[in-house]
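Reviewing the structure listed below.
A short reminder: the numbers here are calculations on the coordinates, not readings from a lab. These numbers were taken from a predicted model, which means no experiment stands behind them. Here Cβ is always computed from backbone atoms with ideal geometry, including for glycine, and neighbour counts include all displayed protein chains.
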Amino acid sequence: LERDDLPASRSARRARDAMKDVVGRIQREKKAAATVFYPRAATLEELQAGLASDEALVLYGLTSTEAVAVVATTEDARTVRLGPTEAVVAACEALVPSDASADPAKAVATLVERVVTPLGLPASAKRVLVSPDGALSFAPPALLFAGRDVVCVPSGTTLVALAEDRKSTRLNSSHSLP
C-alpha cells in the first residue's frame, strides 16, 4: 500500500478537509458579522459586477420632497428623478390590492407611469432587482414590472454581500465533511 492509501492517511486528509470547511465557515460568518456591525455601502462597481447581463437593479428612494431611483445594469448606471414624493405616495395609496371590488388597472397604470416608465429600462433587462422605499414597499412589484422577472432586495449592499457569500460558499464546498 502506498502511504496515501493507508487508513490513517485517508482519515488525516478528511480531517484536514473538514477543518478547512470549518475555517471557511468561521471566516464567512465573521465577515457577515463585521458587515452588520460596521456596514460599508457597496460601490457602484461592486453593484454592477454582481449583476448578470440580463438584470437591472432599481434602488428607490423617497426623500421628504422628491422621489428618485438609481438604475444600474452591467453597462450603465444613472439616477432618475421621479417627481414629488407626495405624488408617488398618493399613487401607492390609490392601489388597494385588498379591495376585491376595486379595479386596480387605473392605479397600477398611474404607478407604472410615475415610477417605472421614467426608468427607461432596456429591453435586455429580463430580470429586475428592486429595492423599494417607503410607500413603494407596499406596491406589488410584479404588477409594476409586468413581463419581467422581479426580485425584491433589501438594498444593493445586501445584494452584493449575499452574492459574495454565495460565491464563497461554492468555492469552499469542494471539501466535504467525513
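For the pair Ser11 and Glu113 in one chain, pulling the backbone fully straight at 0.36 nm per residue adds 30.3 nm over the alpha carbon distance. Remark: spin-label model distance Glu45-Ala142 equals 3.8 nm, labels positioned 7 Å along the Cα→Cβ axis.
Amide H to amide H distances under 5 Å link Ala67 with Leu82, Gly83, Thr85, where only residues 5 or more positions off or on other chains count and H is placed in the peptide plane. The orientation-averaged projected area of the convex hull spanned by the Cα atoms of the range 93-149 comes to 4.1 nm². Label sites at Ala18 and Val151, each approximated as a point 7 angstrom past Cα along Cα to Cβ, lie 3.4 nm apart.
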